[in-house]
Amino acid sequence: MSEQKKVLGEDRRMKLLQLLKESEEPITGSELAAKYHVSRQVIVGDITLLKARSEPIIATSQGYLRLNHTSPHPVATRTIASNHSPEQTEEELNLLVDHGVTVKDVTIEHPVYGDLTASIMVSDRKEVKQFMKKIHSTQSSYLSELTGGIHLHTITSSSEAKLDEAEEALKKSGFLIEIDI
């Protein structure tokens, strides 16, 4: 088959899935479209079909990523509640990644739709910068703008101690919402 020929249907989806399984970094829809000589919209459809088959693929601000269930390191996970202005988003994300934390997602409680969750998947300042650039270049709003700044993050790290340190830094910055029980 010629390099310029479109890879069709199920064959393309299987190759796409294999590529995502082998990649440790997100791959953009545009990169995938160019590789398989199809439109980005075709790739979006392919990803949707793969997700419908329960493939653990997420769309991040850096591209598509297949979650591997076998991690070489134990992962500690926590959900935190945060509140800040849109202008403080980059500061919050940098604060978290600087403590060795990955910010997996953001969740808000919408009055009509209930919980809305969006993938973020940032682990270092470079990824935070890419995320912020994408928000600004697309003139997108933050989900937290729908809730006056209140939102949840799922955060992960290689240890509970790193999560504790990140949470303490959020508390000192005034971002952490603490619940009195």
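The values are calculated or read from the model by the stated rules, or taken from the named source; none is laboratory data. The structure displayed is predicted, hence computed values, not measured ones. Note that we place each Cβ from the backbone using ideal geometry, even for glycine, and neighbour counts take in every protein chain shown. Heavy atoms of the whole protein, side chains included, go into the accessibility calculation; ligands, DNA and RNA do not. Shrake-Rupley method; radii C 1.70, N 1.55, O 1.52, S 1.80 Å.
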Among the residues of segment 20-38, which ones are surrounded by 13 or more Cβ atoms within 10 Å (Cβ to Cβ) and farther than 23 Å from residue 126 by Cα? 33, 35, 36, 37, 38
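For every residue, the table says whether it meets (1) over 14 Å from residue 153 (Cβ atoms); (2) among the basic types (Lys, Arg).
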residue: 46; (1), (2): yes, no
residue: 66; (1), (2): yes, yes
residue: 87; (1), (2): yes, no
residue: 92; (1), (2): no, no
residue: 96; (1), (2): no, no
I'd like the residue in segment 5-19 that is within 21 Å of residue 68 (Cα to Cα) and in contact (Cβ under 8 Å) with a residue 24 or more places away in the chain and, out of all such residues, is surrounded by the fewest Cβ atoms within 10 Å (Cβ to Cβ). 17
Scan segment 64-80 and give yes if some residue there is open to solvent by less than 40 Å² (accessible area, probe 1.4 Å) and free of Cβ contacts under 8 Å to residues at least 40 places away in the same chain, otherwise no. no
Answer yes or no as to whether residue 47 is open to solvent by 20 Å² or more (accessible area, probe 1.4 Å) and aliphatic (A, V, I, L, M). no
Is segment 112-132 home to any residue that is modelled with pLDDT of 90 or more, in contact with a strand residue (DSSP E or B) (Cβ under 7 Å, 6 or more places away or on another chain), among the basic types (Lys, Arg) and open to solvent by 50 Å² or more (accessible area, probe 1.4 Å)? no
